[in-house]
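Student: Here it is: the structure, laid out below.
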């Protein structure tokens, strides 16, 4: 008499526990293969759950546009995203263009995680990883409208003008306390928190800035009329 678990575990148990895979506990091979497929499907669907109403498996330019107006907090400090830039592995301006490396590995997934790098050896820059695991795409968070923890932002930045606290990727990371320690962390768990916009937003687009390749690609997005972007849109 064969002794093995039911054909497939209950969906809530599988999703909640992520413990020992069913296919390894003694079931006949054809049942184990079937349940392995079910398990992989459920795990994939779990990772595709929208975060702040955004599917991070989508192309980076779509995610970058959808992030405008989203409220980003890091340990309770942050504000409304007003400027982003999209990057993809086929984009010569992207860190992923030359393939994975120790520095950019987090950019290759999984989606919905942070990719943090140091720019010119001086400033940290925060990116949100998108597309399928292994693809190599992300969205640079360029600017925020400060909403929470403004006093701490001013202390970290040594700057009183609220418009200048997060008006650039390096300034933003300094104000929010983002460092390499945040690299590869999930965006749906502390210290990160993302909230969907409370109302519709108007998004403008234009060429990316601060790069020397693919400068004409219009993958820079911003909140129309915002005073908090790093550079006005034309």
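Student: At 4 °C and 1.567 mPa s, grab the translational diffusion coefficient of the range 60-223 from Stokes-Einstein with a Kirkwood Rh over Cα pairs, rounded to a whole number in µm² per second. Walk me through the numbers before you get to the answer.
Tutor: Details: Rh = 15.6 Å.
So the translational diffusion coefficient is about 83 µm²/s.
Student: Figure the gain on full extension for residue 199 and residue 119 (residue separation times 0.36 nm, minus the Cα-Cα span) and round it to one decimal in nm.
Tutor: Numbers: separation 80, 0.36 × 80 = 28.80 nm, distance 3.35 nm.
Between residue 199 and residue 119, full extension yields 25.5 nm more.
Each reported figure results from applying straightforward, stated rules to the coordinates on display, with no laboratory input. What you are looking at is a predicted structure, and each value in this text was computed from that prediction instead of being measured.
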